[in-house]
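Accompanying notes for the structure given below.
The values are calculated or read from the model by the stated rules, or taken from the named source; none is laboratory data. All values derive from a computational prediction rather than experimental measurement. Cβ placement follows ideal geometry from the backbone for every residue including glycine, while neighbour counts extend to all protein chains displayed. Protein only, heavy atoms only, side chains kept; ligands, DNA and RNA dropped before computing areas. Shrake-Rupley method; radii C 1.70, N 1.55, O 1.52, S 1.80 Å.
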Amino acid sequence: MTRERIVNLRDESRVGERVTVAGWVRTFRNDTFIALNDGSCLGTLQLVIDREATPEATRKLITTGAALRAEGVIEASQGRGQAVELKVDVLEVLGGADPETYPMQMKKHSLDFLREKAHLRFRTNTFGAVFRVRHALNFAVHRFFTERGFFQMHTPIITGSDAEGAGEMFRVTTLDADNPPRKEDGSVDLSQDFFGKTANLTVSGQLEAELGAMALGQVYTFGPTFRAENSNTSRHLAEFWMIEPEVAFADLKDNMALAEDCLRSVLAEVLEGCDEDLAFLENREIEAEKGLPQQERHERPLRERLRAVAETPFQHVTYTEAIELLRQSKPFKKKQFKYPVEWGIDLQSEHERWLVEKHFNGPVIITDYPAAIKAFYMRANEDGKTVAAMDVLVPGIGELIGGSQREERLDVLQKKCADFNIPEEHVWWYLDTRRFGSAVHSGFGMGFERLVMYVTGMGNIRDVIPFPRTPQNAEF
């Protein structure tokens, strides 16, 4: 008999049907009642075991974490907490779980502990919910761009360029680390490496996506990116996923509209499709914040925060205007900001959160940043000081999306390469798109894990990716 997923068996429409289920034991009592979860949903299906039909040796193997297959008839439940239950007459223990060593017991585990058990943490309610929501967000992103005529591009993971110019990249090499080939001057002979030159793991697919957009019109990438930044904060990973659309014939205004439309669309889809998991995560957040001071708690519940962004038009402000607002704020005047607020300095999370949570009380797009703090490919504005850049800020997390109108003028881009110490021979192919049929174009990047953090309310980015890669940690 074909296995049924528990998500499809939780209402009375299936009463009377004979079904087979399989999953893992969450709880059990009296060798008779088992709460079984198969990962298809947050809830469990109660199994009622026929003790006479089930050998004692089999019943003794039923422990928390054990994998079971059960066959029986769906009945209306006589107990509270569930609409139906499965009256089991055929039970098979597929894999036991030693109760003395199985770490995922029915008690509250800290998130730190669960990170150490990342291979098993999917079995908890919290991480089951997080990763179902992550899947739904992934699907919503692809649906959004596909329905709007975008083409997905698979840009290189191995690259010879540094899109951000920050230099924090992982080397890719086949050379012997202990005894690399050397030139006469003692330097490493990269010509004998696999690619014949320095190669790295990519920090962004943007530059290659721009090439696609200048022929296909509108494309997007959705893939892994890497950054060798030695940071152990709750918002940094060495390996993470990026969503990066690029659109030909689109200026900064078009880019802002696309970013807003994208975010509001995916939030609306997940709010509709993941209500059970989001409700659980919302209650989890409320419980976790009970011991915190009032000023450290969220002012609104999780789903209410998400609906507010999904249903509220985004407000716009320039970087210069944002700096002035911050300098006129009470936290600035009372010297409560940790970081300085000056024109020409990048905004910190505390500044971004004050803008969206205290001043505007909603999502904000900040535009026209100083050129000195932004990447070389961003289009120079006519004032000679700023670039046509944008950051999308949302309550609770701050920056979620960053993008810009790209510099389409060859002479200006060449000067920027010189200013940023980027040799033209390293990006000759990128410059070629400005030589042959150049046009206005724009794009943005949205860190997928940041999006999942925002939607799930999880406070640490390591808890929204299955196996986090961070400094000194590549365990699983």
State yes or no: is T221 without any contact (Cβ under 8 Å) to a residue 40 or more places away in the chain, of a type in the set (S, T, N, Q) and buried (at least 17 other Cβ atoms within 10 Å of the Cβ)? no
Kindly indicate whether any position in region 113-128 is open to solvent by 50 Å² or more (accessible area, probe 1.4 Å), touching a residue at least 12 places away in the same chain (Cβ under 8 Å), of a type in the set (A, V, I, L, M) and under 23 Å from P468 (Cα atoms). no
The conditions are (1) open to solvent by less than 20 Å² (accessible area, probe 1.4 Å); (2) under 16 Å from Y454 (Cβ atoms), and E399 fails exactly one of them. Which is it? (1)
Which of the residues belonging to region 100-126 are under 16 Å from L45 (Cα atoms) and either in a helix (DSSP H, G or I) or more than 25 Å from the chain's Cα centre (by Cα) (or both)? R123, N125
I'm told G344 meets every condition in (1) open to solvent by less than 50 Å² (accessible area, probe 1.4 Å); (2) touching a residue at least 40 places away in the same chain (Cβ under 8 Å); (3) closer than 29 Å to E210 by Cβ except one. Can you identify the failing condition by its number? (2)
Matching entry among F314, F280 (being more than 21 Å from P363 (Cβ to Cβ) and of a type in the set (F, W, Y)): F280
Checked V317, V309 against criteria (closer than 28 Å to M378 by Cα, open to solvent by less than 50 Å² (accessible area, probe 1.4 Å) and not in a helix (DSSP H, G or I)); the one match is V317
Report yes if some residue within region 168-177 is among the basic types (K, R), assigned to a loop (DSSP other than H, G, I, E, B), at pLDDT below 95 and within 37 Å of the chain's Cα centre (by Cα); otherwise report no. no
For L45, work out the one condition from (1) touching a residue at least 12 places away in the same chain (Cβ under 8 Å); (2) more than 36 Å from the chain's Cα centre (by Cα) it doesn't fulfil. (2)
Any residue in region 277-294 that's open to solvent by 20 Å² or more (accessible area, probe 1.4 Å): show its pairings with residues that are at pLDDT below 90 at Cβ separation under 6 Å, as long as the two are six or more apart or on different chains. E289/R297
